[in-house]
Amino acid sequence: MEINLDSEFISKKELLDLTGISYGQLYRWKRKNIIPEDWFIKKSSFTGQETFFPKEKILSRIDKIKNMKDNLSLDDIAGMVSPNPVNVVYSKEEIIKRNIVTENTLNNYVLFQNYNENYFDFDKLLFLFILDRILKSGEMNLDEVKLIIKTFEDNYSKYNEKDCELFFIRKFGVSICFLANYPNEINFESEIKYIYRVVISNCIEELKILLNINIKE
Amino acid sequence: MKETNNKDLKINGITNLPGGTFNNVKINGQLTLTSDFICNDINVNGMFTAEGKTKAIKGKINGSANFNNDVEFESLNINGKSLVKGESKIKDLKIEGQMRLAKNLTAEEINVFGIVNMNENCNSEIFKTKGSFTIDGMLNAGTIDVELHGRCTANEIGGEKIRIAKGSKNYFNKLIKSIFSSFNFFDIRLITNVIEGDQIYLEYTKASIVRGDSVEIGPGCEIDMVEFKNKFVKSENSTVKENRKI
């Protein structure tokens, strides 16, 4: 248990030491929702109660904030890292021109979902973005990819701005796709193979960064 | 939201109405709005209950107001008594009377001259008080300036500049005492588990752990452990069991 705790979590003190930020900064970022409330995990330790963070997530987030804060205001950063959608609409031409996804992905999406409109809002861009990643991963055939995108798009709205994780698993050649709340704790029998899994908030974050960079240029 | 074509609502008697969008709302009698409402300005002199969500630019409560759902205000002034059962987003909150917030409060500036009770967390850029507060969750504010006139408690306090000092003006105590008999005047101090910040100055504070860049302990404190980075000063009239430079 102890070993587990060390590798996955980092205490507040260690975090401040490692990153060089102050308590004031940490609390400011928490107030601005740049660091989500549920990353502050209270655990009892020998000095009383201590706060721990999911190590990988908090380090990458702080790194990101440090890199962005010279060019962007804290509110802008908060907007970028929040799971809430932003108001953007892109046409097909723009998507290709801005290099958000490849033309191949776009054509596949149109084919899979019979999407005949020329414009894509944020959610649609997210579907494209995830499709792009899945296609690039090269782990699945087109029918399976189609199933994933359909499952995701049909169910995504049910999570209503809450974070979720997309799974694609396989056992003896039978494949299953599903969505689950994130964070989750899912365990399967040992024959199950995880082919693909992705946390949606991470995708949203990456997509927002991608869009923002594109807007700036 | 400045829409001039919305109607004013003025209640002098007792009534229940559905919500909606109004310009100015003035309640001298008793009003219950049974669903969500939006308005520019709400002024309560009598009794008001909002069953749905509230969204307003300006609010002034001289009587009593119960918000049974989420509220959003640009500015809200409580002179009487108010209860919010939902989440609160209030940019500029001034409490001169008594207020209880059952869920999280997010604000830009909070000024407390009366009594406030919060059952969850309080987030604000500025938190100033000359009254009394009880925060069951965490007080997280950029600038925290507490002038102690009664007992104040918070589970945890975090921020940039934190200053807790004993109030000096006695007339103020008398003033609140005459209004709120339940006020505890003989135990004028702040009680919390953890205080973490950049610049910390404390008087009459009881805490388990104080962590900061620069920590100055004034008179009347009882602290188990101070962890500091750059500076630590302690008054002779305080006890700090242990201190550690980190």
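The values are calculated or read from the model by the stated rules, or taken from the named source; none is laboratory data. Owing to the predicted nature of the structure, the values given are computational and were not obtained by experimental measurement. Every residue, glycine as well, gets a Cβ built from its backbone with ideal geometry; the counts of neighbours run over all protein chains shown.
Residues that are touching a residue at least 40 places away in the same chain (Cβ under 8 Å), surrounded by 14 or more Cβ atoms within 10 Å (Cβ to Cβ) and touching a Lys or Arg at 6+ places or on another chain (Cβ under 9 Å) do occur in segment A:95-113, at least one of them. Here A:Ile149 clears all of (1) aliphatic (A, V, I, L, M); (2) modelled with pLDDT of 85 or more; (3) under 26 Å from A:Lys64 (Cβ atoms) except the condition numbered (3). Only a single item in (1) surrounded by 12 or more Cβ atoms within 10 Å (Cβ to Cβ); (2) not in a loop (DSSP other than H, G, I, E, B) is not met by A:Val86, and it is number (2).
Answer yes if at least one residue in segment B:137-145 is part of a loop (DSSP other than H, G, I, E, B) and surrounded by fewer than 24 Cβ atoms within 10 Å (Cβ to Cβ), and no otherwise. Scanning segment B:137-145, I find no residue that is part of a loop (DSSP other than H, G, I, E, B) and surrounded by fewer than 24 Cβ atoms within 10 Å (Cβ to Cβ), so the answer is no. Per the listing A:Asn202, A:Asn187, the residue uniquely assigned to a loop (DSSP other than H, G, I, E, B) and either free of Cβ contacts under 8 Å to residues at least 12 places away in the same chain or surrounded by 16 or more Cβ atoms within 10 Å (Cβ to Cβ) (or both) is A:Asn187. Starting from segment A:8-24, keep only residues that are within 11 Å of another protein chain (Cβ to nearest Cβ), then list their pairs with residues that are part of a strand (DSSP E or B) and of a type in the set (Val, Ile, Thr) whose Cβ atoms are within a distance under 7 Å, requiring at least 6 positions of separation or different chains. The qualifying pairs are A:Lys12/A:Thr51. Among the criteria (1) within 16 Å of the chain's Cα centre (by Cα); (2) within 14 Å of another protein chain (Cβ to nearest Cβ); (3) at pLDDT below 85, the one A:Ile35 does not fulfil is (3).
If I filter segment B:186-209 down to residues being more than 13 Å from B:Thr153 (Cβ to Cβ) and in a loop (DSSP other than H, G, I, E, B), which single residue comes out as farthest from the other protein chains (Cβ to nearest Cβ)? The residue in question is B:Phe186. Of the residues in segment B:82-90, not one is buried (at least 19 other Cβ atoms within 10 Å of the Cβ) and in contact with a Gly (Cβ under 6 Å, 6 or more places away or on another chain).
Name the residue that is farthest from B:Glu160 (Cα to Cα), counting only residues in segment B:101-131 that are among the hydrophobic types (A, V, I, L, M, F, W, C) and more than 14 Å from chain A (Cβ to nearest Cβ). Among those residues, the one meeting the criterion is B:Ala102. Scanning segment B:210-246 for residues that are of a type in the set (Asp, Glu) and away from chain A (no Cβ under 14 Å), we see that the one that is nearest to B:Glu147 (Cα to Cα) is B:Glu216. Inclusion of B:Thr134 among residues that are modelled with pLDDT of 95 or more, away from chain A (no Cβ under 14 Å) and in a strand (DSSP E or B) is warranted. Listed by position, the strands (runs of 3 or more DSSP E) inside segment B:1-117 whose residues that are charged (D, E, K, R) and on the phi < 0 side of the Ramachandran plot number at least 2 are B:54-61, B:71-78, B:88-95, B:105-112. Among the residues of segment A:50-64, is there at least one that is exposed (fewer than 11 other Cβ atoms within 10 Å of the Cβ) and either more than 16 Å from A:Lys208 (Cα to Cα) or not aliphatic (A, V, I, L, M) (or both)? No, there is no match, as no residue in segment A:50-64 is exposed (fewer than 11 other Cβ atoms within 10 Å of the Cβ) and either more than 16 Å from A:Lys208 (Cα to Cα) or not aliphatic (A, V, I, L, M) (or both).
Filtering A:Phe129, A:Phe172, A:Phe168 for residues that are in contact (Cβ under 8 Å) with a residue 60 or more places away in the chain and either of a type outside the set (D, E, K, R) or more than 26 Å from A:Asn87 (Cα to Cα) (or both) leaves a single hit, A:Phe129. Can you say whether A:Ile58 is over 27 Å from A:Thr151 (Cβ atoms), touching a Ser or Thr at 6+ places or on another chain (Cβ under 7 Å) and outside any strand (DSSP E or B), as far as the supplied structure shows? Taking the combined requirement at face value, the residue does not satisfy it.
Here B:Arg151 fulfils each of the conditions (1) surrounded by 15 or more Cβ atoms within 10 Å (Cβ to Cβ); (2) at pLDDT 95 or above; (3) farther than 19 Å from B:Ile217 by Cβ apart from (2).
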